[in-house]
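Right, one structure below, let's go through it.
The values are calculated or read from the model by the stated rules, or taken from the named source; none is laboratory data. Treat the numbers as computed from the prediction; the structure is a model and nothing was measured. Don't worry about glycine lacking a Cβ; one is built from the backbone with ideal geometry, like all the others, and counts go over all protein chains shown.
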Amino acid sequence: MPREPSVKSGPRPHCQVAVIGAGPIGLMFANLLGAAGVDVVVLERNPELLGLPRAIAYDAETLRLFAQVGLFDAIAPGLIQDPRVVYFNARGRTLMEMNAPRSPYGHSPLGTFYQPDFERSLLEGLARFSNVRMAFAHQVVDLQQDADGVALRVIAPDGETWLSAEYVVACDGGASATRDKIGARAVGSTYLERWLVVDARIENHGVDKITFRCDPRRPAVQLPAVGSRVRWEFMQLPGEDADDLLREETVRSLLAPYHDVDKVEIERKTVYAFHARVVDRWRKGRVFLAGDAAHMMPPFAGQGMNGGMKDAANLSWKLAAVLGGQASAEILDTYEVERAANVRAMVNTSRRLGAVIMPTRRSVAAARDAAFACLNLSGAFRAFIRRGGVLPPPHISQSALTARGKDGLIGQMMPQPDVLSAERRAPLDHCLSCHQWMALGVGVDPASMVSKGDLSILDALGARFVCLNGKAESDRTVSLLCDDRGFADWAKRHRVSAILVRPDRFIAERLSPSGDAQVLAHFAPMRGRASVRVPELQH
C-alpha cells in the first residue's frame, strides 16, 4: 500500500488542508479534496492503517460518495448489498422486517462491508493525486491558529516538526484530542450497557440477512460480511465482567446456538460501550471536527461511519471553493448549520431503535411485543417498515447555501436515475465530475431559466447544464432522456421545472429567469471570470 515519507524537518512545510486521522472519514476527505486539486497532508499517528473491522454498515449516500470520488468499482466486490433486516422477539416472532427497494439515489440503500477493505481502497485512491501526501507515524500533539492559518506540532519518526496549514479537518475519532484543543464539548450520554463484538470467519456460513434478536435474556445482533465473515454483537448483562465475557470459552458458548463452534475462526473480539453524543461546536476558526470527533451514535441505525461520510461530502466542496477563490470563507459557517440538526435527529432515531432491541426486563419486552403485535395488524405500518421508512431520507438543514422558505424540495438529495444519451445508459452522476454544480431542467433547458448574472457565475464555476426529456436550446446544455418512473413521479410531486444542484448532490434552489438565485450570491466573485476547468474522475 502507498506510504509517504515523513514530513521533512527544516523550513516549515505547508499545505492548504491538514487532515488529522486516516480512518475512513479522513481518507475520504483526502480523496475529495485531492480530486478538487487542493494541497492536502493526512497525518496519522499509527504506523499504518489500523486494520480493524469496526464499522460494518453502509447506506446509499456513502456508496454514492464512493462513486463520486471514482472508487465505487474498487469497493463493489466487497459489498453485501440489500440484505433483509429482521427483528425477532424471544419467541422468534417478527417485530419488524425491512427489505427496502433500490434507493432513488442510484445505489443499494443498506448493506454491509469489511472496513479494512474500504480503508485500503481509499488509501490506494490517494495515489492518483500528486497534491495529496500521506504521513503515517505522525502524531499531532498541539495546534495553534491565527487569522492566516494553523500551525501543527507533529511528532514524527525522525523527531518533532511543525506543519502549517490554511485549514485543519480533525477526523481523529471519538477520543479526539483536537476536540479538546478547540474547546468543543461532546454533549449527550453513554449507554450503561456494553456489548461484546465478535468478528469471525466461517466457510459456507449461510448468513444472508441482518438479524436483531430482541430477547431480554440477552439481546444480540448477527450480520453477514463479505466472503466467509460474520459479525455478532451480544449485550453484556448486569453483573457480568468484560474480561469474563471475552474469555474464549464464553465467546464460543454464545456462538454455539448459531453455528458449529469448531468451524468458527474468531478474528476479533472486543467489548465497548455505545455513545449518543454530539459536539456543541463543530468548528473553531480554521479547525473543523468531523466523524466521531464531532458525533458518536449508537449503531442501531447503522449511521456511525455513514454520518462521518456525510460530513466529508458537506465540507470538502466548500473548502475547495474557498481555497480556489470561488467563494468567501463565510460559506464554511454552513457546515455545522446544515449537519448538526440532521445528526441529532439520527442519534434520536438510533436511540429509539435501541429501545426496541435492548430491554432486559421481561415486563418491558412483553409490552413492546404487544405493541408491535397491534402495529403489525396494519398493512400500512408493515409497508412503512419494509421500505426502510424508519430512517429519514437524506436532507440538509436550511442555510445560506440553500434557498429560504418552506419549499420541501430544497435541501433534499437529488435523486439519481439512469439517463440515456445517444451513446449509452448511465447513472445521472456519470454526467458530472466530483465537485461540479448542476443546473437541471425537466422538460426545459435550465439555461433558459437562469438570469444573465447567474449564468455568468455558473459558467465560471464550470457548472453542467442538463435537460431531461426536453430540447436543449443552448449549446452549453446536454439533452438526455430519462424513463425512470420513480423519478418522473418525484418530479411531478415536487413540480420540478429547473433546479440548482450543489456539488454534494443536494438541491439548493429552484431556478427562475426573473431573478438571481439567492445561493449564487455567495459566488458572485466568479461573475465574468473564465470558466474553471473541472477535473474528471473515472467512475
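Values computed for the structure shown
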| item | result |
| --- | --- |
| Within the stretch 330-392, helices (runs of 4 or more DSSP H) holding 3 or more residues that are at pLDDT 90 or above, outside the structural domain of V519 (by TED's automatic domain parsing) and among the charged types (D, E, K, R) | 334-357, 362-375 |
| Residue under evaluation D475, criteria (1) surrounded by fewer than 21 Cβ atoms within 10 Å (Cβ to Cβ); (2) in a loop (DSSP other than H, G, I, E, B); (3) under 27 Å from the mean Cα position of the chain (by Cα), criterion not met | (3) |
| Check on L63, touching a Ser or Thr at 6+ places or on another chain (Cβ under 8 Å) and either among the β-branched types (V, I, T) or free of Cβ contacts under 8 Å to residues at least 60 places away in the same chain (or both) | yes |
| Those residues of the stretch 135-170 which are part of a loop (DSSP other than H, G, I, E, B), among the aliphatic types (A, V, I, L, M) and either under 20 Å from A22 (Cβ atoms) or in contact with a Leu (Cβ under 7 Å, 6 or more places away or on another chain) (or both), in sequence order | A137 |
| Options G70, G51: the member that is outside any strand (DSSP E or B), over 15 Å from the mean Cα position of the chain (by Cα), at pLDDT below 95 and among the small types (G, A, S) | G51 |
| Meets criteria (under 29 Å from the mean Cα position of the chain (by Cα), modelled with pLDDT of 95 or more and farther than 25 Å from S316 by Cβ) for G441 | yes |
| Scan of the stretch 205-217 for residues that are surrounded by fewer than 16 Cβ atoms within 10 Å (Cβ to Cβ) and without any contact (Cβ under 8 Å) to a residue 24 or more places away in the chain, ordered by number | G206 |
| In the stretch 287-328, the residues that are under 17 Å from P503 (Cα atoms), more than 12 Å from the chain's Cα centre (by Cα) and of a type in the set (A, V, I, L, M) | L319, A320, A321, V322, L323, A327 |
| Flag if F129 is in the same structural domain as L52 (by TED's automatic domain parsing), modelled with pLDDT of 95 or more and closer than 17 Å to E48 by Cβ | no |
| Cross-chain or 6+ apart pairs with Cβ under 8 Å, the stretch 81-106 first and on the phi > 0 side of the Ramachandran plot and at pLDDT below 95, then assigned to a loop (DSSP other than H, G, I, E, B) and of a type in the set (A, V, I, L, M, F, W, C) | D82/A100 |
